[in-house]
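Notes follow once the structure below has been shown.
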Ligand code: HEC
Ligand code: HEC
Ligand code: HEC
Ligand code: HEC
Ligand code: HEC
Ligand code: HEC
Ligand code: HEC
Ligand code: HEC
């Protein structure tokens with residue numbers, strides 16, 4: 001009796017200790033081992049397939065918490081009506097250059113306003129009531145007007161080189177209005193509930209009719225609701241190579257047209273091309289972002305994505321925290337990571353991993369694993385953080401011919417050369433053999 005009592009106590013103690021000691025990533029066991037759904041399957045309930053869009057205001061009465069979080073986030077403020085509230089304009093229109101092809105009284109909607117703001121003006125284009133974009137944009141980061149020629153992108157052969165004839169419907173509105181992506185209707189300004197949950201009319205009629213919730217499915221499918229917008233694309237009709245860009249004159253689309261949350265994104269999307277070692281307008285040669293709105297393009301190459309970590313694990317989908325102005329700091333990463341854990345860092349303490357003092361900026365995860373590699377416009381400072389979490393060494397920065405400023409170590413140590421910084425890492429014993437493998441195969445493939 002007494003003996004089994006002791007054995008029981010010892011067992012409980014052992015279990016408790018191993019529970020406390022177990023890597024934190026165990027909390028995500030269910031998510032990471034969920035059965036994968038086919039990529040081409042529509043995951044919506046049958047009832048939702050016949051639903052129409054109702055607008056976010058209709059959801060408020062029953063889902064107040066989500067509604068208020070969303071209302072305070074920038075998703076609800078992407079497109080704003082100037083007539084309703086003139087304070088949404090962040091630019092100084094008294095300094096608008098003389099050759100501007102628009103003035104404030106013509107502007108109906110503002111686009112954005114955190115990093116830059118652009119202006120939508122009603123226009124009849126191609127026989128359709130559409131919108132055009134003013135030929136100047138306000139750069140919030142530099143507080144200056146700068147010229148804006150939207151047609152200078154991958155679709156430059158599909159549109160006239162004149163802002164007055166360049167429609168926003170095909171090139172912007174799918175990602176900035178709710179409903180336009182799948183139904184070509186501007187149901188609601190900005191990114192409403194139904195951009196991520198799909199059409200809501202049937203759920204309104206009967207709560208037992210489920211509305212799509214991305215996290216009910218496997219992690220790869222979960223991220224699709226974010227990837228529909230946070231990614232650089234090409235027109236899906238160019239996928240098979242039997243259409244040319246010229247054949248899409250006035251109709252080239254820069255978003256996955258036809259997609260609705262829950263459906264299979266892969267059927268609607270052609271991702272902007274990237275090849276390791278080749279720099280493009282959108283990516284550096286190692287795949288890091290040169291521009292904004294590349295989170296998805298980078299993240300799908302990361303080991304965390306492949307192993308089932310989603311955008312939603314790091315970003316609350318309604319509040320949109322974690323972000324620069326509302327940072328969770330290292331604790332955002334340490335929800336899953338811990339020192340000496342199987343998923344890394346493999347060292348036993350923060351200082352042993354970073355080789356910087358614990359309270360130094362050089363010990364912040366994002367500073368080394370999400371360096372600022374991209375710009376919002378050509379004239380903007382480097383502010384866009386990479387979502388390719390793998391550490392880019394000074395040696396890689398050099399080999400891939402990337403600007404020094406995009407390297408994490410160099411961004412804080414501008415008095416040192418890339419070689420000196422690489423030497424420090426080598427001295428610390430962080431050889432990073434995984435990366436060395438990629439580098440040597442890259443060098444072999446590209447030798448003269
Ligand atoms: C950017 C995409 C996105 C937008 C916009 C969005 N949601 Fe969600 N919503 C999600 C995701 C993803 C989940 C699942 C969260 C989880 O499992 O942690 C979710 C979950 C929910 C849930 C279930 C409760 C929960 O937290 O799991 C409700 C209710 C909900 N959302 C309502 C709304 C309403 C109402 C709006 C608009 C005011 C809205 N959502 C806007 C992505 C979004
Ligand atoms: C009249 C109240 C009511 C309204 C209006 C309403 N919902 Fe719901 N919603 C509910 C209830 C109740 C549940 C829980 C259902 C359950 O657990 O089966 C729910 C569940 C959800 C869920 C979780 C997934 C699911 O289907 O169970 C999401 C996401 C959601 N609602 C989003 C929305 C969105 C978006 C809108 C606006 C288009 C909306 N709801 C409007 C009452 C409402
Ligand atoms: C329909 C398009 C769309 C969808 C879907 C979407 N986003 Fe966004 N997201 C945007 C746009 C546009 C902005 C820029 C808003 C602005 O600056 O006004 C943005 C901004 C953000 C921001 C920055 C917020 C800030 O305050 O700066 C985060 C973080 C974010 N989105 C995460 C997500 C995540 C996570 C998902 C998926 C759950 C998602 N988004 C789905 C279009 C979308
Ligand atoms: C595939 C979806 C998509 C398309 C197409 C798209 N955007 Fe965006 N846009 C986004 C997302 C997502 C963000 C926020 C994320 C980021 O900037 O990294 C954004 C950010 C912006 C911002 C910065 C917002 C801020 O607050 O600083 C502006 C301005 C903008 N877009 C204008 C445009 C214009 C104009 C077009 C058309 C010529 C366009 N976008 C096409 C998805 C898109
Ligand atoms: C492992 C965690 C993690 C994952 C996964 C992740 N992000 Fe982020 N993301 C962050 C952090 C941390 C920041 C803010 C960094 C900082 O402090 O500036 C950020 C910043 C952003 C921003 C810019 C916000 C701003 O401050 O302007 C956007 C937009 C964004 N993420 C979207 C996404 C999308 C979309 C996905 C999925 C494709 C995604 N993120 C996946 C951690 C993550
Ligand atoms: C929700 C859990 C979760 C969060 C939050 C998280 N990670 Fe991870 N991370 C993982 C898992 C799981 C792996 C293991 C992938 C593998 O098998 O190598 C990983 C791997 C990594 C790797 C090595 C492989 C790679 O992707 O390059 C780095 C670096 C990394 N994480 C950095 C971060 C940083 C920085 C943050 C915070 C911004 C963060 N992680 C937040 C779960 C997470
Ligand atoms: C966010 C800024 C930041 C980043 C990123 C950063 N450091 Fe540091 N570094 C510092 C600061 C601040 C110190 C001062 C002492 C300390 O914090 O330990 C420092 C100190 C050092 C030192 C010792 C003192 C000296 O200047 O000789 C070396 C060596 C060093 N860093 C190398 C690196 C390398 C290599 C990387 C990339 C892996 C790196 N740092 C990334 C900010 C940074
Ligand atoms: C001073 C720069 C620096 C900071 C800050 C930093 N790391 Fe790292 N990290 C590295 C380098 C360099 C590597 C590559 C080491 C290697 O592969 O041998 C790495 C590798 C990793 C890996 C891959 C597994 C491993 O141990 O090699 C993970 C996971 C990781 N870091 C997570 C984090 C987390 C979480 C934080 C914040 C608590 C963080 N790192 C802060 C430089 C840094």
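Just so it is clear, none of the values below were taken in a lab; they were calculated from the coordinates. Quantities reported herein were computed from a predicted structural model and do not represent experimental measurements. In this analysis, Cβ positions are derived from the backbone assuming ideal geometry, glycine residues included, and neighbour counts consider all displayed protein chains.
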Taking a ≥ b ≥ c as the square roots of the eigenvalues of the Cα gyration tensor of region 295-445, is the shape rounded (a/c under 1.5), prolate (a/b larger than b/c) or oblate? rounded
Helix-derived mean residue ellipticity, 222 nm - over the chain, DSSP H n ≥ 4, -39500 (n - 2.57), to 500: -6500 deg cm²/dmol
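Rg/Rh for the chain: what does it come to with C-alpha atoms and Rh from Kirkwood? Please list the in-between numbers first.
Working: Rg = 24.6 Å, Rh = 24.5 Å.
We get a ratio of 1.00 for the chain.
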Roughly what angle does helix 433-445 make with the longest principal axis of the chain, taking Cα atoms, 0 to 90 degrees, to the nearest 10? 50 degrees
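Determine the shape class of region 204-334: with a ≥ b ≥ c the square roots of the Cα gyration tensor eigenvalues, call it rounded for a/c under 1.5, and otherwise prolate if a/b is greater than b/c, oblate otherwise. Before the final figure, lay out each step's value.
Details: a/c = 2.12, a/b = 1.19, b/c = 1.79.
Since a/c reaches 1.5 but b/c is at least a/b, the shape of region 204-334 is classed as oblate.
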Taking only Cα atoms, what is the 0 to 90° angle, nearest 10, from helix 418-428's long axis to the longest principal axis of the chain? 30 degrees
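How do the peptides 229-236, 375-382 rank, highest first, by the average count of neighbouring beta carbon atoms within 10 Å per residue?
Details: 229-236: 21.4, 375-382: 15.4.
Listed from highest to lowest mean packing, they are 229-236, 375-382.
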Under 1.5 on a/c is rounded, so check that first for region 54-271, then, if it is not, pick prolate when a/b is larger than b/c and oblate when it is not; a ≥ b ≥ c are the square roots of the alpha carbon gyration tensor eigenvalues. oblate
May I ask for the angle, rounded to the nearest 10°, between helix 2-21 and the longest principal axis of the chain, with both axes built from Cα atoms and the value confined to 0 to 90°? 40 degrees
If each part is reduced to its alpha-carbon centroid, region 47-63 and region 158-217 end up apart, in Å, by 13 Å
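Given Cα positions, please report Rg to Rh for region 20-179, the hydrodynamic radius being the Kirkwood one. Walk me through the numbers on the way to the answer.
Numbers: Rg = 21.1 Å, Rh = 19.4 Å.
Ratio of gyration radius to Kirkwood radius: 1.09.
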